[in-house]
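Each remark here refers to the structure printed beneath this line.
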Amino acid sequence: MPENENPHFLFFSSLLGKKVVGADGRELGRLADLVIATGEPYPPVESLVFKARKESFQLPWSAVEEMNGTVRLKPDVQPEPPPAAPVSDRIRLTEEILDRQIVDVEGAKLVRVNDLHFLVLKGALRVAHVDVGFRGLVRRLGWERVVDGAISLFRPGASYLKTESFLSWKLVQPIDSAPGRVRIEVAQRVLATLHPADLAEIMEELDRHQREVLFGRLDVETAAEALEQTSPELVTALLETVPPEKAADILEEMAPDQAADALSELPREQQQELLQAMEKPEAEEVEELLEYPARSAGGLMTPDLVELRPEATVAEALAEIRRRADELPFIYEVFVVDTGGVLKGICTLKDLVVGDPATSLGRIMREAPATVAADAGLKEVARAATKYNLLSVPVVDADGALRGMVTVDDILAEVVDAR
Amino acid sequence: MPAEVEAAAVRPRRSIWRNVALFLAVVGPGIITANVDNDAGGITTYTLAGAQYGNKLLWTLIPITVALIVVQEMSARMGVMTGKGLADLIRENFGVKVTFWIMVALLVADVGNTVAEFSGAAASVGIFGVPTWVSVPLTAVAVWLLVLKGTYRQVEKVFLVACAFYVAYPISSFLAHPDWGVVLRETVTPTFELNSGYVAMLIGVVGTTIAPWMQFYLQSAVVEKGIKPEHYAHSRLDVVVGCVITDVVAFFIIAACAGTIWKAGIKVETADQAALALGPLAGHHASWLFAFGLFNASFFAATILPLATSYYVCEAFGWESGIDKKWGQAKEFYTLYTAIVALGAAVVLIPKLPLLKIMLVSQVVNGVLLPFILVFMLLLVNDPKIMGKHRNGPWFNAIAWTTTVVMIALTAWLVVVGVRDLVAG
């Protein structure tokens with residue numbers, strides 16, 4: 001490709017099917033695919049694939065002499081058959097991107113690729129945008145000129161003519177393509193910017209295979225956060241697709257109650273295998289929760305809470321909260337228990353913030369407005385939370401010892417699901 | 001772990017109960033698709049087949065059931081193994097142009113079918129004296145609200161109840177007291193008449209039973225349900241049971257009309273006329289049940305067809321879809337859905353509109369579309385890149401291709417006859 005051309009953009013649809021001719025002008029075939037190397041924000045086209053009758057041939061992009069009307073090759077180039085299996089860190093655009101679903105990271109949704117937009121710069125062709133709009137569809141159908149003409153005749157101001165539904169290549173995540181180390185790194189970085197709830201929704205919409213591919217690309221932390229937002233059945237299905245070691249790591253990262261829900265769907269042997277692969281303290285917490293039915297207070301509760309003795313001071317309580325801030329997703333109150341673990345009262349965050357730092361918790365604590373037993377049903381827990389406006393409901397055993405708490409977000413999720 | 005859970009875990013894996021539980025978990029898509037298949041158009045066709053030709057077309061139900069199972073099984077298998085809908089697979093493997101035209105044809109055919117459903121609903125309640133201008137808008141609004149305002153679980157329950165109501169046909173058939181010995185004998189005795197009326201009716205019965213939208217709907221429903229490959233055997237059973245139920249209902253409709261209307265020599269041209277004619281012959285209960293069945297079928301199909309159509313069109317073009325999305329998020333989806341329902345209902349309300357002709361057009365479009373869909377399906381299901389080891393075996397392929405060729409021949413005839421009738425006026 002001549003290097004002195006002005007930089008300009010060009011559509012993939014305008015290249016596909018172009019004649020590929022040798023240096024002597026003889027037609028060799030028609031352009032069928034372009035292969036890019038991943039890693040760069042705007043990856044360059046590395047090779048081209050053309051088809052002659054039923055056979056495909058591949059050539060490095062550097063073999064292209066010029067491109068106008070036809071794709072003319074330099075003299076003495078040797079086309080080779082393309083590799084049979086996908087090559088790592090290479091993406092074949094027609095095979096793996098065009099007409100396929102990709103994740104639009106910015107819009108946090110799945111879209112289908114209608115066309116690709118290249119930047120032609122110093123003889124190189126770089127993928128700049130993905131066209132997911134209606135206009136791209138019209139262009140692929142070969143009607144751009146007719147439709148554009150008709151619309152500009154009737155509604156010259158139509159937004160169709162002015163706006164392009166382009167997504168920057170940097171902000172999309174292909175899912176039907178070959179793996180590779182660089183790919184995974186880029187993917188992890190890009191996907192980590194999605195909100196876990198959005199990521200979870202995208203995973204629910206993908207087909208099984210794509211879902212597994214996407215899940216495999218997430219780092220442990222992102223995977224755990226996303227899984228906390230999906231249904232237990234899906235969590236179980238996804239955990240089965242990664243090596244047990246990684247699955248155990250993900251389960252450790254998840255809130256214990258969610259991890260227990262996911263494990264409860266698995267056959268017993270697999271459950272034991274994963275529990276053994278997990279770190280001891282996390283595994284024990286989860287094992288305890290597994291003993292309760294999923295939709296009971298025991299199944300919904302989390303053992304992650306702040307538990308203090310009545311002699312502890314307000315300052316100590318605040319220090320304890322700060323110390324454990326990372327592992328506790330929600331802190332609404334601290335629970336005051338005696339030496340036997342029996343729940344004596346609670347202090348809300350407000351009590352602690354406005355209280356004198358030197359006062360003991362025993363002096364400012366209030367009685368817990370409601371407690372539930374571990375075998376209490378969802379309805380009972382929800383009723384207690386509603387009646388007393390509680391953000392978390394303490395769960396106690398027959399002796400009054402504190403076992404955990406059910407937080408309002410878990411109650412809400414269950415109530416909405418049950419509808 | 002509580003005692004009963006422990007007991008369940010140590011039970012042998014292949015026990016009958018485990019199989020039953022698994023079957024119940026995957027059941028649904030096949031049975032619902034098959035029941036929607038017996039929609040207003042289907043019931044009309046079976047009614048007329050029985051009323052005009054007696055039991056002479058009953059034997060065709062056996063080969064039709066086999067063909068239906070073969071085609072639907074491939075859809076379900078593709079859905080389970082790839083996790084993708086048919087529109088998805090066609091777009092990814094055959095490109096934009098092919099997809100576009102298939103979607104246009106599907107849209108036209110399904111709007112036509114929706115018109116048929118609304119006119120079926122209007123005709124059935126017409127028997128009880130409700131005028132069309134009341135029943136059609138009410139039905140349309142009910143359909144629209146049920147799908148858009150109901151939750152998925154509510155809608156599924158309504159659908160399953162609607163499936164159960166098909167029992168109206170067997171009951172009204174028993175009320176009609178046909179000679180069951182004769183009926184059963186004719187079911188297993190192929191007969192053939194070489195007159196154009198008989199052939200047209202035969203093609204009509206085949207065409208109404210195997211319609212293009214069904215393959216799209218079933219495959220998407222199987223995907224939506226998230227059935228795993230290891231549970232495919234149960235899903236296949238769901239499909240087979242569904243196909244058999246469809247044709248059992250068809251069997252009872254034909255038998256009821258043959259044993260009464262045909263025997264009495266009464267001329268009927270629509271399903272509601274048949275329901276009325278059943279009154280004096282088989283008693284009012286049979287007549288009412290027949291009309292009720294027609295309303296149930298029309299309403300059920302009027303709910304699913306526009307919804308399913310909006311789903312595949314959006315799937316093919318990559319627009320967001322789903323009834324759990326907000327209007328702003330899935331504009332194309334909601335616009336399409338509302339437009340199909342509104343158009344379907346509005347057409348029925350236009351006075352003096354040639355309804356039969358519109359249905360004929362939609363039948364012709366269905367007929368033109370079906371061969372393409374079947375061929376695409378066979379190419380996809382035999383592609384090792386897509387299906388891996390779950391491709392068709394040689395025997396299955398032989399049956400599937402034979403079915404396809406026969407279907408192509410029959411629908412080609414239907415299209416030729418349909419176009420001729422349209423041109424002739």
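Remarks
- Debye equation applied to the C-alpha atoms of chain A, log10 I(q)/I(0) at 0.09, 0.10 Å⁻¹: -0.72, -0.81
- Multiplying the residue separation of B:Lys352 and B:Ala409 by 0.36 nm and subtracting their alpha-carbon distance yields 17.1 nm.
- 17 Å Cα-Cα reach of B:Lys263 towards lysines, excluding residues that sit fewer than 8 places from it in its own chain: B:Lys56
- Mean residue ellipticity (222 nm) of chain A, computed from DSSP H runs ≥ 4 via -39,500 (n - 2.57), nearest 500: -10500 deg cm²/dmol
- Nearby aspartates and glutamates by direct alpha-carbon distance to A:Lys74 (threshold 15 angstrom, same-chain neighbours under 8 apart not counted): A:Glu3, A:Asp24, A:Glu27, A:Glu65, A:Glu66
- Net charge dipole size for the protein assembly as shown [Lys, Arg +1 and Asp, Glu -1 on Cβ; Debye, nearest 20]: 3860
- With a 10 Å cut-off around each Cβ of B:89-96, the average count of Cβ atoms from other chains is 4.
- Among B:Trp395, B:Trp319, B:Trp288, residue whose mean-square fluctuation peaks in a GNM of chain B (springs only between Cα atoms under 10 Å): B:Trp395
- Computed log₁₀ I(q)/I(0) - Debye formula, equal Cα scatterers, no solvent, chain B, q 0.09, 0.11 Å⁻¹: -0.55, -0.83
- Largest mean-square fluctuation among A:Leu16, A:Leu34, A:Leu125, in a Gaussian network model of chain A whose springs join Cα atoms under 10 Å apart, belongs to A:Leu16.
- Angle between chain B longest axis and helix B:271-282 axis [Cα atoms, degrees, rounded to 10]: 60
- For the listed residue pairs A:Lys379/B:Lys149; A:Lys19/A:Lys122; A:Lys246/B:Lys149; A:Lys170/B:Lys326; A:Lys350/A:Lys387, the alpha carbons are over 30 angstrom apart in A:Lys246/B:Lys149.
- All lysines inside 20 Å of B:Lys225 as judged from Cα atoms, apart from same-chain residues fewer than 8 positions distant: B:Lys84, B:Lys157, B:Lys325
- Legend: distances between Cα atoms for A:Lys109/B:Lys97; A:Lys109/B:Lys331; B:Lys267/B:Lys352; pairs beyond 20 Å are A:Lys109/B:Lys97; B:Lys267/B:Lys352.
- For the stretch A:192-289, a crude dipole built from +1 on the beta carbon of Lys and Arg and -1 on the beta carbon of Asp and Glu, taken about the Cα centre, is about 360 debye to the nearest 20.
- Taking every Cα-Cα distance in the protein assembly as shown and sorting them into 20 Å bins starting at zero, the pair-distance distribution P(r) comes out as 13, 37, 33, 15, 2, 0 percent.
- Along its three principal directions, the equivalent ellipsoid of the stretch A:192-289 from the Cα gyration tensor extends over semi-axes of 21, 13, 12 Å, largest first.
- Among A:Gln229, A:Gln78, A:Gln188, the largest mean-square fluctuation in a Gaussian network model of chain A, built with springs joining Cα atoms closer than 10 Å, belongs to A:Gln78.
- Net charge, B:Phe100 excluded, C-beta distance under 11 Å - Lys, Arg +1, Asp, Glu -1: +3
- Ratio Rg/Rh, restricted to the stretch A:306-418 and using Cα atoms, in which Rh is the Kirkwood radius: 0.98
- Principal axis dimensions, the stretch B:69-119 - Cα atoms, whole angstrom, descending: 38, 29, 16
Computed from the coordinates by the stated procedures, all read-outs in this text should not be read as laboratory data. Keep in mind the model is a prediction, meaning the values are calculated, not measured. Glycine also receives a Cβ, built like all others from the backbone with ideal geometry; neighbour counts cover every protein chain displayed.
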